[in-house]
There are 4 protein chains.
Amino acid sequence: MIRVTIFNEFLHEKYDGEAKRLYPEGIHAHIQSFLKSEQDLTVYTVTLDDPECGLTEEVLENTDVLLWWGHMGHHLVPDEVVERVWRRVLDGMGFIPLHSGHHSKVFRRLMGTTCNLHWRENDRERIWTVSPGHPIAAGIPAYFELEHEEMYGEPFAIPEPDEVIFLGWFAGGEAFRAGVTFRRENGRIFYFQPGHEDYPSFHNDHVQRIIKNAIRWAYNPVRYRIPCPWAPSPEQGH
Amino acid sequence: MIRVTIFNEFLHEKYDGEAKRLYPEGIHAHIQSFLKSEQDLTVYTVTLDDPECGLTEEVLENTDVLLWWGHMGHHLVPDEVVERVWRRVLDGMGFIPLHSGHHSKVFRRLMGTTCNLHWRENDRERIWTVSPGHPIAAGIPAYFELEHEEMYGEPFAIPEPDEVIFLGWFAGGEAFRAGVTFRRENGRIFYFQPGHEDYPSFHNDHVQRIIKNAIRWAYNPVRYRIPCPWAPSPEQGH
Amino acid sequence: MIRVTIFNEFLHEKYDGEAKRLYPEGIHAHIQSFLKSEQDLTVYTVTLDDPECGLTEEVLENTDVLLWWGHMGHHLVPDEVVERVWRRVLDGMGFIPLHSGHHSKVFRRLMGTTCNLHWRENDRERIWTVSPGHPIAAGIPAYFELEHEEMYGEPFAIPEPDEVIFLGWFAGGEAFRAGVTFRRENGRIFYFQPGHEDYPSFHNDHVQRIIKNAIRWAYNPVRYRIPCPWAPSPEQGH
Amino acid sequence: MIRVTIFNEFLHEKYDGEAKRLYPEGIHAHIQSFLKSEQDLTVYTVTLDDPECGLTEEVLENTDVLLWWGHMGHHLVPDEVVERVWRRVLDGMGFIPLHSGHHSKVFRRLMGTTCNLHWRENDRERIWTVSPGHPIAAGIPAYFELEHEEMYGEPFAIPEPDEVIFLGWFAGGEAFRAGVTFRRENGRIFYFQPGHEDYPSFHNDHVQRIIKNAIRWAYNPVRYRIPCPWAPSPEQGH
């Protein structure tokens, strides 16, 4: 059984018209609902409304894969929560930032770069499968379309990914590395670009399949912390 | 002084209407002409018409960077020439296959994969710079357009590149890793997708600048052959 | 059920004193014997004595992961068998070359480099785990020792690996990238350095565990061939 | 002209017997002295004693490549200095952390991992060249020895490097990725393991040559900052 936790800042869906209409109980609740049918997953959700963002030591101890959706509230995640999640990823927890999660503090800390990119609202996107035999692409066709998505454009300020799984093509004229993997110490990371709050991307069958695939790919049953063999000051190592 | 050799199969330009009109003396001669102004380059050209494709041991000894344009005549390059070029790349000669050179025997041998891809004639392409600080991208804007190019589409059956420098966007709906680097032993390789024989891509200033940049990037003054310390059978090692 | 095929050239064990004593029925039979206890594996063996090295289309169709041990008989594997195995790896068959298999025609074709290295007989080796959370390292301690192994030394003429899982340390003074992974199209490849015919490395518990782990890691249930959409000449694509 | 700045915490050499004897004016002054003969380099030094560690905006503006030596004083480098150096590396300044600089705040921030490792004082080290054609290895033999160095051992908690240039072998039984490169946005990074304060490694000709080579390799004449096109909060982007 893979224990999945979904973090969602849960801000837009409370106030915005479209986000509220598409995800009335929040993006987290929606993702949880389409994961319900998967027999090998148990899914738990947390938001900014929970103390410590719901990401206590105990919750992280019991999480195998963490999904992350955030946007306007990145700065509301306290630094000690970021530190805790970062360490847990390095120990072997899978981490899947979605869409505007590219700018989350945790992802930026793991990458060591700004993770900046370009953007424009509302475009038609076509997702191309670059690595058709990869487990994250299992069951995904050569390409599929999202009638509405937010354009994310290059340069995307990330380290060279281990694998580029998907490329995004936008009708307005841009191309983007839309699905990329990284390994950091014992943790596996998959960033996926679709998932703007005002568009129904998380209702799309292929997007849902990719998220399910990515959870299983990111799951690492081995937990391991590379030690720091001298007495560490708070600034050093684990 | 960097000694550049351009191999061009020189078939289309002899017979086809458009290729002949655009490159009346051959793609090789055209590339040579726009490299002429570069003070640090000496440029030599060879074609399928030359004995051993012009790629004798002596020519390769005196080549620092080899450009390669081929398409319908890949199978006309003898295997012993392929072997010779492959070894010279591993020793430190830069190698820059252009456009349909993705299916050249040398590139496929260096990659160890099929280098297959999808294609469609005549589309509008926009080239995006993914790695704006890379020497190959020096002086290249965020993007530029080629009114006519052959669409090359994913999946592109190459090993994960060391660096993705450019992405191609096609008006017809595809995205492609259009400029990618690889290191193989002591040799540096840059594959660049534009350059169909029927379109004026090699007349484009940005394409010309990318080729000039790539030559300087691929140039490795150090020559080194990793030895095979047991008496090699012809099948083994160098 | 993962269908494993072990190819062994089966030459040394027929004639040499030590190899014969350690592996009286051949290295292939020995590896098969320690895989027998694994409930999720079925194991088949082939050697140079079989027609077409036992690696017919039908056998490869029914193989998920291929192990390869060869040394003095690399040149006895016909090129059409090499071609067939190479294509099947690209389609998704796992490939695990052991020890002197670094110079097998299949591995060299997949790498696109010479795969040369340095060597010296009979040294004490210590294997260090560089990537302790990797599935191939599951259950392997921080390091373990092989009282006798053949020293393999750098430079090892391979492309930069996707992952370095193990480093080898030799009492005589060398260090080596002893366990490395590569992805080539849909196939996963793990090269592992220990396994000289005159030493009991394949009797070592840790070596056996690494081979079992690697088989499961290399297994890819998805089969995929990236097509070549124009009518291929025999020289082109698949 | 490449403008080099050397940061040294300058603590051990003031108090410790051996460090003081080997580097009486500080490791920074010693490195500066052996770089003096290089016509293409201008070298400036800063230490913890300088306001803001000497790494003001103005100094960084005028630095092309930054060398970093630190150990017991990592926590004395203020976070705003770390932030400033980190941004400058991403914009294109080369960064060369030496020895215990693996645990500097800047390197850890760039890597996104703990950069933990194992260690033991005083061992004999042999450095092997893994990538003999790489510019950083120019003029370096197949291997060289340091009679005394601090053992650094695997696992080394870094992301998979772009290139492994050197492996370290220790007489006591360990192997280590002793020279590794990374690219982060526009900045080139080379980590090199030798250089303990109590041993004369920086007096070794090969170590000096490697540092000179690395400076020229890390120098990137192109400066580029990938922008953050929305109005950034202090927590976001550049």
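The values are calculated or read from the model by the stated rules, or taken from the named source; none is laboratory data. Since we're looking at a predicted model, the values are computed, not measured. Here the Cβ positions follow ideal geometry from the backbone for every residue, glycine too, while neighbour counts run over all protein chains shown. Areas reflect the complete protein model, heavy atoms only, side chains present, ligands, DNA and RNA absent. Shrake-Rupley method; radii C 1.70, N 1.55, O 1.52, S 1.80 Å.
Quick notes on this structure:
- Whichever residue in region D:108-126 is charged (D, E, K, R) and under 23 Å from D:Leu146 (Cβ atoms) and, among such residues, is nearest to the other protein chains (Cβ to nearest Cβ): D:Arg126
- Hits in region D:179-227 - residues which are open to solvent by less than 20 Å² (accessible area, probe 1.4 Å), facing another protein chain (nearest Cβ under 9 Å) and either of a type outside the set (D, E, K, R) or at positive phi (or both): D:Phe182, D:Asn186, D:Gly187, D:Asn220, D:Ile226
- Positions within region A:85-102 being facing another protein chain (nearest Cβ under 7 Å) and either of a type in the set (A, V, I, L, M) or touching a Cys at 6+ places or on another chain (Cβ under 6 Å) (or both), in sequence order: A:Leu90
- Residue count, region D:72-98 (criterion: of a type in the set (A, V, I, L, M) and in a helix (DSSP H, G or I)): 6
- Residue within region A:102-110 that is farther than 30 Å from D:Val85 by Cβ, open to solvent by less than 30 Å² (accessible area, probe 1.4 Å) and outside any loop (DSSP other than H, G, I, E, B) present: no
- Meets criteria (open to solvent by less than 20 Å² (accessible area, probe 1.4 Å), within 20 Å of C:Leu35 (Cβ to Cβ), more than 14 Å from chain A (Cβ to nearest Cβ) and in contact (Cβ under 8 Å) with a residue 40 or more places away in the chain) for C:Leu66: yes
This table checks each residue for (1) in contact with a helix residue (DSSP H, G or I) (Cβ under 8 Å, 6 or more places away or on another chain); (2) within 22 Å of D:Ile210 (Cβ to Cβ).
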site	(1), (2)
D:Asp79	yes, no
D:Val82	yes, no
D:Trp86	yes, no
D:Pro97	yes, yes
D:Phe107	yes, yes
D:Cys115	yes, yes
D:Asn122	no, yes
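- Looking across region D:120-137, the residues that are touching a Phe, Trp or Tyr at 6+ places or on another chain (Cβ under 9 Å) and more than 27 Å from A:Met111 (Cβ to Cβ) come down to D:Arg120, D:Asn122, D:Asp123, D:Arg124, D:Glu125, D:Arg126, D:Ile127, D:Trp128, D:Thr129, D:Pro132, D:Gly133, D:Ala137.
- Test: residue in region D:108-120 that is touching a residue at least 12 places away in the same chain (Cβ under 8 Å) and more than 19 Å from the chain's Cα centre (by Cα): yes
- Of all the listed residues (B:Glu150, B:Glu163, B:Glu145, B:Glu154), the sole one being more than 18 Å from B:Ile189 (Cα to Cα) and touching a His at 6+ places or on another chain (Cβ under 7 Å) is B:Glu150.
- Of the criteria (1) closer than 19 Å to C:Val65 by Cβ; (2) of a type outside the set (S, T, N, Q); (3) part of a loop (DSSP other than H, G, I, E, B); (4) open to solvent by less than 10 Å² (accessible area, probe 1.4 Å), which one C:Pro161 fails: (4)
- Restricting attention to region D:127-158 and to residues that are within 14 Å of chain B (Cβ to nearest Cβ) and in a strand (DSSP E or B), the residue that is least open to solvent (accessible area, probe 1.4 Å) turns out to be D:Thr129.
- Within region B:1-50, being on the phi > 0 side of the Ramachandran plot and not hydrophobic (A, V, I, L, M, F, W, C) holds for one residue alone: B:Gly26.
- Residue within region C:160-180 that is more than 30 Å from C:Val222 (Cα to Cα) and of a type in the set (Lys, Arg) present: no
- Only one entry in C:Leu146, C:Leu90, C:Leu41, C:Leu76 is aliphatic (A, V, I, L, M), within 17 Å of C:Asn8 (Cα to Cα) and modelled with pLDDT of 95 or more, namely C:Leu76.
- Within region C:15-51, considering residues that are within 23 Å of C:Val85 (Cβ to Cβ) and free of Cβ contacts under 8 Å to residues at least 12 places away in the same chain, the one least open to solvent (accessible area, probe 1.4 Å): C:Asp50
- Filtered residue count, region B:165-178, keeping only those that are open to solvent by less than 10 Å² (accessible area, probe 1.4 Å), away from chain D (no Cβ under 12 Å) and of a type in the set (A, V, I, L, M): 3
- Evaluation of C:Glu235 against the conditions (1) at pLDDT below 95; (2) under 18 Å from the mean Cα position of the chain (by Cα) shows that the sole unmet condition is (2).
- Criterion violated by A:Arg84 - all others in (1) within 18 Å of the chain's Cα centre (by Cα); (2) among the basic types (Lys, Arg); (3) within 18 Å of A:Gly195 (Cα to Cα) satisfied: (3)
- Every residue from region D:51-86 that is within 19 Å of D:Trp217 (Cα to Cα) and touching a Ser or Thr at 6+ places or on another chain (Cβ under 7 Å): D:Thr63, D:Leu66, D:Trp68
- Among the residues of region D:72-101, those that are within 26 Å of D:Met151 (Cα to Cα), of a type outside the set (Gly, Ala, Ser) and surrounded by fewer than 20 Cβ atoms within 10 Å (Cβ to Cβ) comprise D:Met72, D:His75, D:Leu76.
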